[in-house]
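Here's the structure we're looking at; comments come further down.
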Amino acid sequence: MVARFWPLVLQAGVLLLALAGCICRAQSKNFKCSIINEAGFCFIENVHLDVSTNGIGGDSIQFPRHPTLLIKSGAIPYFGKDIFALLGNTKQLHVYNQTSIRNLFIPVTNLTEINVQRNGLLEFDVEPVDNRELKMLSIVHNGLVTVPRNIRFLVGLEKLYLYNNSLEYFDLEPLANASHSLKILSIYDNHIKTLDSRSALYFPKLQTLSLSKNKLTFVPYFEESFPAVTVVSLRKNPWNCGWLHTTMQYIEARKIQVVRKDAACRDRWISEICCTYTVLDFMFDRAAAQMRREQQLLRNVTHENRRLVETVHRLADDLHRLQSQLDQQQQPTSEKSISDARTGDDSV
């Protein structure tokens with residue numbers, strides 16, 4: 001009876017060994033450039049790495065030693081520290097459309113650029129160690145709903161692109177450590193209702209600010225926070241009309257370029273940018289009108305006071321002149337009286 005089952009046991013053992021060999025071979029991969037284009041991009045295809053947060057383990061995986069890698073297709077559910085460690089001296093990493101990523105963890109590496117787009121990425125995080133090498137981070141056309149607080153450790157960041165995601169809130173505070181290096185901030189085409197900031201936070205080198213296609217009604221401390229901005233995009237937001245009116249005056253006075261404007265508006269527009277007239281705007285306009293009336297009244301009172309002062313000065317001058325004339329008229333009379341008195345004394 002037992003002898004009949006031995007062939008089956010042997011077959012099962014052989015099958016398990018074959019599967020194990022396939023798995024080992026599957027994870028022992030030496031990726032190569034399928035093509036290197038004129039721009040110097042090394043294209044890598046069919047990169048399938050099912051790596052957990054625990055790391056790669058003993059698997060043998062190699063990427064080309066090339067300064068610019070572009071992973072064109074595959075699936076890397078967890079793109080973490082162990083995979084970044086395999087990139088060697090690569091400076092620019094691009095992970096494009098057909099490469100699925102669910103979680104991205106950015107460690108301190110030699111990379112200066114990371115560009116991740118259309119991967120189905122839901123979240124990312126940053127190693128809590130100051131990273132001065134990474135200059136450009138682009139995570140676009142994905143499904144991000146939050147920006148991690150650890151982005152504060154990207155202290156050398158110059159360009160940040162997070163457009164075409166699902167962000168509803170964006171806080172500028174975590175970018176404070178990069179405030180003196182950040183030049184481009186592009187967060188358009190999200191669902192951002194609140195752009196949070198504080199009065200002492202400013203970005204003296206930021207030149208491009210892209211805010212279009214969100215749900216913003218105002219940007220706090222716009223003039224103070226972005227003194228060097230030369231290009232801004234604002235369209236397709238429900239801006240508060242009062243805020244937009246003041247901000248557009250500043251933008252036009254500084255000759256800041258407004259990229260692409262609203263073609264049509266449901267409510268109002270200011271300088272071809274739509275805004276929403278709300279109860280707050282009504283109260284703002286009423287307060288502004290009252291302030292203008294008070295300012296006009298103050299100007300009128302000031303003008304009348306100036307005229308009154310001028311009249312007083314003129315009267316004082318007239319009085320002084322009359323007093324001088326009176327003194328001159330009285331002086332000959334006094335001299336004649338003295339002369340008559342002396343004549344009388346001589347006759348006696």
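Assuming Glu224 fulfils every condition listed in (1) surrounded by fewer than 16 Cβ atoms within 10 Å (Cβ to Cβ); (2) assigned to a loop (DSSP other than H, G, I, E, B) apart from one, which condition is it?
Tallying (1) surrounded by fewer than 16 Cβ atoms within 10 Å (Cβ to Cβ); (2) assigned to a loop (DSSP other than H, G, I, E, B), Glu224 fails exactly one: (2).
How many residues, within region 227-238, are open to solvent by less than 30 Å² (accessible area, probe 1.4 Å) and either touching an Asp or Glu at 6+ places or on another chain (Cβ under 6 Å) or charged (D, E, K, R) (or both)?
Number of matching residues: 1.
Enumerate the pairs (first residue in region 148-169 and farther than 15 Å from His180 by Cβ; second residue anywhere and hydroxyl-bearing (Ser, Thr, Tyr)) with beta-carbon separation below 6 Å, excluding pairs fewer than 6 apart on the same chain, so at least 6 apart or on different chains.
Tyr161/Ser138; Tyr161/Ser186; Tyr163/Ser186; Tyr163/Tyr188; Tyr169/Thr194
Can you pull out the residues in region 215-232 that are over 18 Å from Ser179 (Cα atoms) and in contact with a Pro (Cβ under 9 Å, 6 or more places away or on another chain)?
Lys215, Leu216, Thr217
Anything in region 137-153 that is of a type outside the set (Val, Ile, Thr) and in contact with a Lys or Arg (Cβ under 9 Å, 6 or more places away or on another chain)? List them, or say none. Steps first, please.
Restricting attention to region 137-153, the residues satisfying the condition of being of a type outside the set (Val, Ile, Thr) are 137-138, 141-144, 148-150, 152-153.
Listed by number, the residues that qualify are Leu137, Ser138, His141, Asn142.
Might you check whether a residue that is more than 16 Å from the chain's Cα centre (by Cα), surrounded by fewer than 19 Cβ atoms within 10 Å (Cβ to Cβ) and in a loop (DSSP other than H, G, I, E, B) occurs anywhere in region 239-259?
yes
Among the residues of region 62-87, how many are in a loop (DSSP other than H, G, I, E, B) and open to solvent by less than 30 Å² (accessible area, probe 1.4 Å)?
Residues of region 62-87 that are in a loop (DSSP other than H, G, I, E, B), as a first pass: 63-67, 76-77, 80, 86-87.
So of that shortlist, the ones also open to solvent by less than 30 Å² (accessible area, probe 1.4 Å) come out as 63-64, 76, 80, 87.
Residues flagged as in a loop (DSSP other than H, G, I, E, B) and open to solvent by less than 30 Å² (accessible area, probe 1.4 Å) within region 62-87 amount to 5.
The values are calculated or read from the model by the stated rules, or taken from the named source; none is laboratory data. Please read all numbers here as calculations on a predicted model, not as lab measurements. All Cβ positions, even for glycine, are placed from backbone atoms using ideal geometry, and neighbour counts span all protein chains on display. Heavy atoms of the whole protein, side chains included, go into the accessibility calculation; ligands, DNA and RNA do not. Shrake-Rupley method; radii C 1.70, N 1.55, O 1.52, S 1.80 Å.
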